[in-house]
There are 2 protein chains.
Amino acid sequence: MSNTISQVRFTKAAEGIPTVDTWTFTQGPLPELKDGEIAVKMHYLSVDPAMKGWISAKRSYIEPVQLGEIMRGFGVGEVTESRSDYYQVGDFCTGFTGICTHGVYNSRALRKVDASLAPVSSLMGGLGMPGFTAYFGLLDIGKPQEGETVVVSSAAGAVGHVVCQIAKLKGCRVVAIAGGPEKCRYLKEDLGLDAVIDYRSEDINAALKIAAPDGIDVFFDGVGGEILDAVLMQVNRHARLVICGAISQYGDMDKQVGPANYMQLIAQSATMQGFTMRDYMHRAKEAFADLLAWNMAGNVKFNEHILEGIEQFPEAVQMVFKGENHGKLMIKVISDEA
Amino acid sequence: MSNTISQVRFTKAAEGIPTVDTWTFTQGPLPELKDGEIAVKMHYLSVDPAMKGWISAKRSYIEPVQLGEIMRGFGVGEVTESRSDYYQVGDFCTGFTGICTHGVYNSRALRKVDASLAPVSSLMGGLGMPGFTAYFGLLDIGKPQEGETVVVSSAAGAVGHVVCQIAKLKGCRVVAIAGGPEKCRYLKEDLGLDAVIDYRSEDINAALKIAAPDGIDVFFDGVGGEILDAVLMQVNRHARLVICGAISQYGDMDKQVGPANYMQLIAQSATMQGFTMRDYMHRAKEAFADLLAWNMAGNVKFNEHILEGIEQFPEAVQMVFKGENHGKLMIKVISDEA
């Protein structure tokens, strides 16, 4: 194993979407371990829309990353050295590892995982935060009932494609909104959803009327903007709008627009509720067990978009904001890269 | 009793706030009663912000009033003639009477009321729809807990002043937002609320930081716009935003703006929920009993703004949208006017 490690640091504030100039790569030796620490060699690093928020000074649920710090991020890796009774060399662990090839952590800062249950990449996707977000957001907040119509934006994304499949499992009519023919083909053919709308080529309002003829009961939204406004005009009474993100509004933090049609919440006695996974971390095992079982039964498939090499990180962040990823975007850390 | 009756008809669509040109007064004889009908002489007519929605073709919870029809509105009046077994001459009744001095109704279309319990004007205000709206919106959706901070917009309005007083009764810190020194004086001195913000002369963001030092747990909103955006930036985790109206957005239906800061719902796991009284009509008696008891005990006072004569109606509608009413705006129908 190389003794040199690479890290991606946040070194330049970005007004809008982060660019290649936002980041600086640094190298150095692996620090020596203190008692209770472990050294971890990363296998996969997660690339998330939330990263924009993490490097923004705007009030949020978590402290922003400071200039010069290693970029915050989820990773999964293998223990290469341990001074913790709880970890053996060869164990796998996950958590906020930061964007790096290797790191040294207090063993309590990460969570040990059983790498024999599923490919470890799924811990960044369907069996990790995106999957849990889909699970609790849809089931706990959206509360879909059999026969109801569930609309999902960013439907081919990391969270969305899991939401769509859980909603199908629960007996709902599922309408997926995504951008571009390849994503729409995947949603229609591979996932077998009831209706798919390509927001890039279709008029959302008209398409929704056809795709959701009985109105919309649950909306799982990671996009905001025009799609949210269009959905609001077609929600049913007592509809639940689950607000998980607003990727259309992440570009310029000073020019954000809210849903102009939010007054439909009044007319339809509807609810718009936001959440983050911190509300549900204490129930993560429940989501993990169900998602693993559904995945093994073939009912919920995890779509992963894997780039190779940590040097892809700046480009990967841009892909997420341009919607160029198909499924959960992650980086496979090349075994011998430093 | 005069045999001639007056009605206000909706005869010209209004782009923004209704003007004097929106309405036409008509006169005519009182129709003859059929079996099951009653003739009612109005005492009070309610003037409501919802009227803008009722004459708008935009999708809503209720069919719009058609051009030429008598304007929809709540009234309370006295039965002057009855061909219904359920009503005696001299009984009082309330409901969607329309804006008129007298009318003939199917007896089942209105609700009989006991005029001995409280002044009948209160059936248009604190013991009617505005009071019930305050009661269920705050208690059922806002769910304020003792010690929490409740912020109320349009706080001196028909619904708002009742919300403020119920929230005080429940042991909350109550922050009232209103426009102009006279309303603010009323809220501070007459109602004894914890803090009052004059949105016309104060910077809302700065004033809220001082008025709600522990953040905002419940927001009861009838205004929208900048006030909603300011509150969103200061909500606590799991805050509840009760959306009862958006009077700032009623002017030009094509230029409505939503809350740009709605993404705070995600960061704070907060809920924004709309409602109308139709969700709660089956529980109206519960609200009536509590509000009457609180009013008789002096804990919840009803503030009524009474104009005299149905000819005031066009001006009254404009007053509501300019925020010129103090408390519940209503028209007292002069006994001998036709």
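The values are calculated or read from the model by the stated rules, or taken from the named source; none is laboratory data. From a predicted model like this one, the values you see are computed outputs, not experimental measurements. Neighbour counts run over all protein chains shown; Cβ positions are idealised from the backbone, glycine included.
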Please verify whether A:D48 is assigned to a loop (DSSP other than H, G, I, E, B), crowded, with 22+ Cβ neighbours inside 10 Å and not aromatic (F, W, Y), treating the condition exactly as stated.
yes
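Does A:H282 satisfy the condition of being without any contact (Cβ under 8 Å) to a residue 40 or more places away in the chain and within 14 Å of chain B (Cβ to nearest Cβ)? Explain how you work it out, then say what you get.
Details: without any contact (Cβ under 8 Å) to a residue 40 or more places away in the chain: yes; within 14 Å of chain B (Cβ to nearest Cβ): yes.
For A:H282, the condition - without any contact (Cβ under 8 Å) to a residue 40 or more places away in the chain and within 14 Å of chain B (Cβ to nearest Cβ) - is met.
For A:K322, are the conditions met, namely being at pLDDT 95 or above and surrounded by fewer than 18 Cβ atoms within 10 Å (Cβ to Cβ)?
Details: at pLDDT 95 or above: no; surrounded by fewer than 18 Cβ atoms within 10 Å (Cβ to Cβ): yes.
Answer is no for this residue.
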Reported set for region B:68-121 where residues are more than 22 Å from B:V8 (Cα to Cα), of a type in the set (A, V, I, L, M) and in contact with a helix residue (DSSP H, G or I) (Cβ under 9 Å, 6 or more places away or on another chain) is B:V113, B:A115, B:L117, B:A118
Suppose we filter B:V257, B:V317 for residues that are in the same structural domain as B:K183 (by TED's automatic domain parsing) and either out of contact with any helix residue (DSSP H, G or I) (no Cβ under 8 Å at 6 or more places or on another chain) or not charged (D, E, K, R) (or both); which single one remains?
B:V257
(1) away from chain B (no Cβ under 14 Å); (2) at pLDDT below 90 all hold for A:S60 apart from (1)
Residues that are over 19 Å from B:V20 (Cα atoms) and assigned to a loop (DSSP other than H, G, I, E, B), drawn from region B:299-332:
B:N299, B:V300, B:K301, B:F302, B:N303, B:H326
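Just to check your reading of the model, which residue among B:G77, B:G98, B:G68 is assigned by TED's automatic domain parsing to the domain that holds B:P314, under 27 Å from B:D35 (Cβ atoms) and part of a loop (DSSP other than H, G, I, E, B)?
Numbers: B:G77 fails: part of a loop (DSSP other than H, G, I, E, B); B:G68 fails: under 27 Å from B:D35 (Cβ atoms).
After ruling out the rest, the residue left standing is B:G98.
Looking at A:I266, A:I216, A:I247, which one is assigned by TED's automatic domain parsing to the domain that holds A:Q145 and closer than 24 Å to A:M51 by Cβ?
On the way: A:I266 fails: closer than 24 Å to A:M51 by Cβ; A:I216 fails: closer than 24 Å to A:M51 by Cβ.
Every option except A:I247 fails the conditions.
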Odd one out for B:S269, checked against (1) surrounded by 16 or more Cβ atoms within 10 Å (Cβ to Cβ); (2) within 14 Å of chain A (Cβ to nearest Cβ); (3) at negative phi
(3)
Can you give me the number of residues within region B:243-265 that are more than 10 Å from every other protein chain (Cβ to nearest Cβ) and either crowded, with 24+ Cβ neighbours inside 10 Å or without any contact (Cβ under 8 Å) to a residue 60 or more places away in the chain (or both)?
1
Hey, B:M124 hits all of (1) of a type in the set (A, V, I, L, M, F, W, C); (2) in contact with a Ser or Thr (Cβ under 6 Å, 6 or more places away or on another chain); (3) free of Cβ contacts under 8 Å to residues at least 40 places away in the same chain but one; which does it fall short on?
(3)
List the strands (runs of 3 or more DSSP E) that sit entirely inside region A:206-298 and contain at least 1 residues that are of a type outside the set (D, E, K, R) and over 20 Å from A:A167 (Cβ atoms).
none
Output for region B:176-193, where each listed residue is under 26 Å from B:A293 (Cβ atoms) and free of Cβ contacts under 8 Å to residues at least 60 places away in the same chain
B:A176, B:L187, B:K188, B:E189, B:G192, B:L193
Out of (1) away from chain B (no Cβ under 14 Å); (2) touching a residue at least 60 places away in the same chain (Cβ under 8 Å); (3) part of a loop (DSSP other than H, G, I, E, B), the odd one out for A:H43 is which?
(3)
